[in-house]
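Nothing in this text is a laboratory measurement; each read-out follows from the coordinates by a stated rule. Given the structure is predicted, the values throughout are model-derived calculations rather than measurements. No Cβ is skipped: glycine too gets one built from the backbone with ideal geometry, and neighbour counts run over all protein chains shown.
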Amino acid sequence: MSRKLNVAIVGATGVVGSIMRRLLADERDKWGEIRLVASPRSAGKVLTVGDEEITVQAIGPDVFDGVDIAHFDLPDEVSAEWVPIAAAAGAVVIDKSAYFRMDPEVPLVCREANPEAASERPKGIIANANCTTLALIPTLAALDKAFGLVSMSVASYQAASGSGKEGLEALYAQIDKTASVERIGTEPDDVRAVLGTEYDSPFGAPLALNVVPKVGGWRDGGWTSEELKVRNESRKILGLPDLKVASTCVRVPVAVGHSQAVHATFSSEVTVAEAHRVLAEAEGVDLVDDPDNMVFPMPIDSVGKPGTQVGRVRQSIDFPNSLEFFVVGDNLMKGAALNSIETAELIRLELEAKQ
Ligand SMILES: NC(=O)c1ccc[n+]([C@@H]2O[C@H](COP(=O)([O-])OP(=O)(O)OC[C@H]3O[C@@H](n4cnc5c(N)ncnc54)[C@H](OP(=O)(O)O)[C@@H]3O)[C@@H](O)[C@H]2O)c1
């Protein structure tokens, strides 16, 4: 029998890291040692993977010794420093930060679209796309294969946990502060008055009782980094370098689950019935589309679900080759941890076959 591969979760104390621990517990028998790594602040903490208690190690060059697959769940700048060190130590790195995603020598892998790309990794690094893009890809890949995707316009409604544990805690704190104020949100500036103008939040504006049309940092032309990621990462994963994409990314006061309203155009006319047939059979997609019975995708129903949900499929009235639909995916599952686990499975099968 072949040796079981050793795995590290680097960033095990974060919101994505905590889902990684849960998913690895579900497939514990597949793997050898599981190593948990975080910043020196967390060194010595004891976390669980299923019923196994594991002491968190501070990141350092030695923590990668003997690790076959390293799941990286760190901020961009920390991944930039440590991913090459882990890869040089011999681990296949699956990195969830944005840092390596557009590197031509780093494949950006989503099982439903381009699983074959995982085996071409000259730097020993594979990137996981951002959570907004990953929520879209299973649906887009299936529709593209059937009808030829030409362009898409996307508006997102993104959860606070997309900003990590700091984002989730900030939303809960703002909800706590505002919930007991009678009729808050009905008078000029009353939400800002309760939350204060100088409060600390990764969103840059109040999120409770509000939506914030800025996700990520500002880029040239008034775009945000998230909006450009949706365009560039979708093109790379789908292998459609000329795909026309417009996107507006918005943060909403939801804990978990990124939603997106999509207008997608195909190379020929597509009916709702044809789209339903394709989506009902698509891997990684749950077709949730029975509006008469109030059945459609919503973030509260997406939490913890492996599939991304798609519904409200309509043929565009004024655009014969276009469909409108609504997609929701758990940003911590398919948007992060689950996709990484699925890529690791591709690597596990490849490496174990070589032993
Ligand atoms: N949240 C999402 O929906 C989502 C989706 C897709 C991709 N991602 C990406 O996944 C990564 C992790 O995101 P997250 O949401 O889990 O963030 P998070 O909740 O803030 O967790 C960050 C993790 O990084 C560790 N860390 C921070 N600074 C470090 C340092 N200098 N050295 C070593 N470890 C350090 C933290 O350890 P301590 O606890 O010890 O500080 C923690 O384990 C990010 O690149 C993010 O962009 C996130």
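Worth a mention:
- Amide H contacts of residue 248: 154, 155, 156, each under 5 Å away and 5 or more positions distant or on a separate chain (H built 1.01 Å from N in the peptide plane; Pro and chain starts excluded).
- Amide hydrogen neighbours beyond the local backbone of residue 8, cut-off 5 Å, H modeled: 35, 69, 70, 71
- Shape category assigned to region 1-90 from the gyration tensor of Cα positions, a/c cut at 1.5: oblate
- Taking amide H as placed 1.01 Å from N in the peptide plane, the amide H of residue 331 sits under 5 Å from that of 257, 258, each at least 5 places away or on another chain.
- Of every Cα-Cα pair in region 1-156, the percent that sits beyond 26 Å: 30 percent
- Global geometry of region 269-346, whether rounded, prolate or oblate, following the gyration tensor of its Cα atoms and the 1.5 cut on a/c: prolate
- Contact order, relative form, for the chain: 19 percent (alpha carbon pairs under 8 Å, 6 or more residues apart, mean separation divided by residue count).
- Treating each Cα of region 235-319 as an identical point scatterer and summing with the Debye formula, the log10 of I(q)/I(0) at q = 0.10, 0.22, 0.25, 0.27 Å⁻¹ comes to -0.31, -1.41, -1.47, -1.44.
- Residue-by-residue Karplus 3J(HN,Hα) for region 55-72, coefficients 6.51, -1.76, 1.60, Hz, glycine and proline x: 7, 6, 9, 6, 4, x, x, 6, 5, 8, 4, x, 7, 8, 10, 10, 8, 9
- The calculated FRET efficiency for residue 85 paired with residue 169, based on their beta-carbon distance and R0 = 22 Å, is about 0.15.
- Cα gyration tensor shape for the chain, rounded if a/c is under 1.5, else prolate or oblate: oblate
- Antiparallel DSSP beta bridges within the chain, as percent of all bridges there, nearest 5: 50 percent
- Fully extended contour minus Cα-Cα distance, from residue 218 to residue 353, at 0.36 nm per residue: 44.1 nm
- Vicinal HN-Hα couplings computed from phi for region 251-259 (Karplus, 6.51 cos²θ - 1.76 cosθ + 1.60; Hz; Gly/Pro x): 8, 10, x, 10, 6, 9, x, 9, 10
- Values of log10 I(q)/I(0) for region 174-316 across q = 0.11, 0.13 Å⁻¹ run -0.60, -0.81, by the Debye formula with one identical scatterer at each alpha carbon and no solvent.
- Projected label points at residue 25 and residue 255, each 7 Å from Cα along the beta carbon direction, are separated by 1.7 nanometres.
- Under 9 Å, Cβ to Cβ, from residue 138 - net charge with Lys/Arg +1 and Asp/Glu -1: 0
- Site pair residue 55 and residue 77 shows an inter-label distance of 3.1 nm when each label is modelled 7 Å from Cα along Cα→Cβ.
- Residue 43/residue 318 FRET efficiency (R0 51 Å; Cβ-Cβ; nearest 0.05): 0.30
- Approximating the spin labels as points 7 Å out from Cα along Cα→Cβ, the residue 151-to-residue 274 distance works out to 1.9 nm.
- For the peptides 306-319, 267-280, 158-171, the ranking by packing is 158-171, 306-319, 267-280, with the highest mean count of neighbouring Cβ atoms within 10 Å listed first.
- Residue by residue, region 281-292 carries 3J(HN,Hα) couplings of 9, 6, 5, x, 10, 10, 7, 10, 8, 9, x, 4 Hz when phi is fed to the Karplus relation 6.51 cos²θ - 1.76 cosθ + 1.60 (θ = phi - 60°); x denotes Gly or Pro.
- Local electrostatic count, residue 290, Cβ distance below 15 Å [Lys/Arg +1, Asp/Glu -1]: -2
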